[in-house]
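What follows is a single structure, written as structure tokens, with notes after it.
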Amino acid sequence: MKNRMYTLSIAVLGCLVGSASFLQAQANPAPHLEKRGSTTQLIVDGKPFLILGGELHNSSSSSLDYMKPLWPKLIAAGLNTVITPLSWELVEPAEGRYDFALVDGLLAQAREANEHIVFLWLASWKNGMSSYAPVWVKQDTRRFPRVVENGAEVEILSPAAAATQEADARAFAALMQHIRQADATQHTVLMMQVENEVGVLGDSRDHAASANRAFNGPVPAELIAYLKAHRDSLYPDMRARWETAGAKTSGTWSEVFGDSTRTDEIFMAWNYGRFVQAVTAKGKAAYDIPMYVNTWLGGEDTPPGEFPSGGPEPWVVDVWKAAGSAIDLYSPDLYAADFANWCIRYHRDGNPLFMPETRGGEAGAANVFYALGEHAGFGFSPFAIEDEANAKTDLAASYRAIAAITPQLTSAQAAGLAHGFVLTKDHPTVEFTLSSYTLRVTLDEIFGYHAENGYGLILATGKDEFLGLGKGFRVWFIPRSTDGPKAGIAAIDEGVFLDGKWQPGRRLNGDENDQGKGWRFDPRQISTEKVTLYHYE
Ligand code: DGJ
């Protein structure tokens, strides 16, 4: 009897605790994406959040002991979020037997360090290959068939295999269910990346007999319907491919998209898209937080297969969107030199910019200003962040400066009142309009320190007031109306935000700004300054 009473009271307590955390979760919804003004933002605990992150080397987070000493370095590197690999093989070592000890350990360590996590679900694919699938999947090639290249199976799981998709989705759903239980009220986990850099490597498509049959069969009606419904917003290259082949509304893949390896890529994009959308949908049904897919960037002139063919390159993102709607966003792993162009390609058609992998060092310290300032990005994350943390580059200073103005920056992003830039000797000037001014921003030299590069961002915070952050540049204000009054600098103040309120420091109306001839940012360190303008005839 006593025992039953005890069981009963535990059950009642469980319900109360359960409903308390349910109520808490209701009152404080899970991290999610929200359209605010002209942009889509990541909302965490009711506020727009900027991921100032870094991605760990692939294997670091497979060991809690290995991770332990890294956290203080990650904190010192200015990170608020650690992009953390988590593999299927460690979560489900034997079929149906899940082990979440590593997940719980990583959550505990992250909380202790006051860091957030974005988990990378390294499951059926990682960099095109299937090395992170559990061995019970790898060895059962009948149940979990492989891609065929040149007549032989390779170590890439076929994205057309229903059994693989179901097994991956089941494990991912179990993981998300566990994260929901462990984190629905704390929100340590902000997002999930589903798989990693998917696509066929070594050939432009799968040549298994079943894949050949599908390739020579009709293009699925859902894909055609998508092309028709979104014709005006399709990525230009995708639209051109379809229209050049006659904008057909039925036919085989080669008939609808033309006879080239780019059509193989579109075919693989459909297959990977269907698979990953389905896995993502299952995970979201268990715990609905933002989920994205990352991309090993190819190039228009690189043959598919030299980069993973079928991954969400900008020119096939439409195919992925036609394949399902569970994935929230598509992300570039942006190591390419042409940083700005790739940002433009991924910040389009409602896709918000978040890069889970990019270059760190001095390049990263600068590029974060462009991504967040110019493209309303909500996150930035150099790869191999533990090396970065050891190298003590300028990234931490950039992160700290941006973190200090997050509320101002995210409001300006939503209002379309932010610009960001990176200046070099080859690209020393940018121009943009903000409020009633054209701002010309150029590399600068001050006190004998000549800036070889400069970077920063500028927000319009009032009609004649701007907040600037960065180093190594000078800003000229040109009124947009040519027949109105001229504009001059009333005052420039350095300062900081304390509890959201601007606390001015030194007034900088002398040498620092050429006695009012321009708004200048010292090349030696990042400064945060406000300028107010006045008008005269
Ligand atoms: C891109 C991959 O997504 C990462 O996991 C890692 O392998 C890096 N490349 C290595 O540069």
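The values are calculated or read from the model by the stated rules, or taken from the named source; none is laboratory data. These numbers were taken from a predicted model, which means no experiment stands behind them. Cβ: placed from backbone, ideal geometry, glycine included. Neighbour counts: every protein chain shown. For the accessible areas, the whole protein counts, side chains as well, though only heavy atoms, and no ligand, DNA or RNA atoms are used. Shrake-Rupley method; radii C 1.70, N 1.55, O 1.52, S 1.80 Å.
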Please enumerate the residues belonging to the range 89-129 that are open to solvent by less than 60 Å² (accessible area, probe 1.4 Å), closer than 30 Å to residue 206 by Cα and more than 16 Å from the ligand (Cβ to nearest atom).
91, 92, 93, 94, 96
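Give the residue that is nearest to the ligand (Cβ to nearest atom), with candidates limited to residues of the range 376-399 that are over 20 Å from residue 471 (Cβ atoms) and open to solvent by less than 20 Å² (accessible area, probe 1.4 Å).
Of everything passing the filter in the range 376-399, 384 is nearest to the ligand (Cβ to nearest atom).
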For residue 338: the one exception among (1) open to solvent by 20 Å² or more (accessible area, probe 1.4 Å); (2) within 16 Å of the ligand (Cβ to nearest atom); (3) over 14 Å from the mean Cα position of the chain (by Cα)
(2)
Within the bounds of the range 405-419, is there any residue that is more than 23 Å from residue 44 (Cα to Cα) and away from the ligand (no atom under 16 Å from the Cβ)?
yes
Give me the residue from the range 46-65 that is in contact with a helix residue (DSSP H, G or I) (Cβ under 6 Å, 6 or more places away or on another chain) and away from the ligand (no atom under 16 Å from the Cβ) and, out of that set, nearest to residue 385 (Cα to Cα).
52
Of all residues being under 22 Å from residue 240 (Cα atoms) and surrounded by fewer than 24 Cβ atoms within 10 Å (Cβ to Cβ) in the range 304-313, which is nearest to the ligand (Cβ to nearest atom)? Just the residue, please.
307
Which of (1) open to solvent by 10 Å² or more (accessible area, probe 1.4 Å); (2) outside any helix (DSSP H, G or I) is the odd one out, the single condition residue 193 does not satisfy?
(1)
Evaluate the range 284-303: report whether one residue or more is without any contact (Cβ under 8 Å) to a residue 60 or more places away in the chain, more than 22 Å from residue 88 (Cα to Cα), within 16 Å of the ligand (Cβ to nearest atom) and surrounded by 23 or more Cβ atoms within 10 Å (Cβ to Cβ).
no
Which one of these does residue 211 not meet: (1) assigned to a helix (DSSP H, G or I); (2) closer than 24 Å to residue 81 by Cα; (3) of a type in the set (A, V, I, L, M)?
(2)
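Per-residue answers, yes or no, for (1) open to solvent by 30 Å² or more (accessible area, probe 1.4 Å); (2) within 21 Å of residue 201 (Cα to Cα); (3) of a type in the set (Asp, Glu):
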| site | (1), (2), (3) |
| --- | --- |
| 242 | no, no, no |
| 250 | yes, no, no |
| 263 | no, yes, no |
| 266 | no, yes, no |
| 277 | no, yes, no |
Counting only residues that are at negative phi, modelled with pLDDT of 95 or more and of a type in the set (Val, Ile, Thr), give me the strands (runs of 3 or more DSSP E) lying completely in the range 427-537 with at least 1 of them.
429-434, 437-443, 454-462, 473-479, 486-498, 527-536
Looking at the range 214-235, which of its residues are part of a helix (DSSP H, G or I) and either more than 28 Å from the chain's Cα centre (by Cα) or β-branched (Val, Ile, Thr) (or both)?
214, 215, 221, 224, 225, 228
Note on residue 421: of the conditions (1) aromatic (Phe, Trp, Tyr); (2) in contact (Cβ under 8 Å) with a residue 60 or more places away in the chain; (3) part of a strand (DSSP E or B), unmet is (2)
Tell me, yes or no, whether the range 160-173 has at least one residue that is surrounded by fewer than 16 Cβ atoms within 10 Å (Cβ to Cβ), on the phi < 0 side of the Ramachandran plot, within 16 Å of the ligand (Cβ to nearest atom) and not charged (D, E, K, R).
no
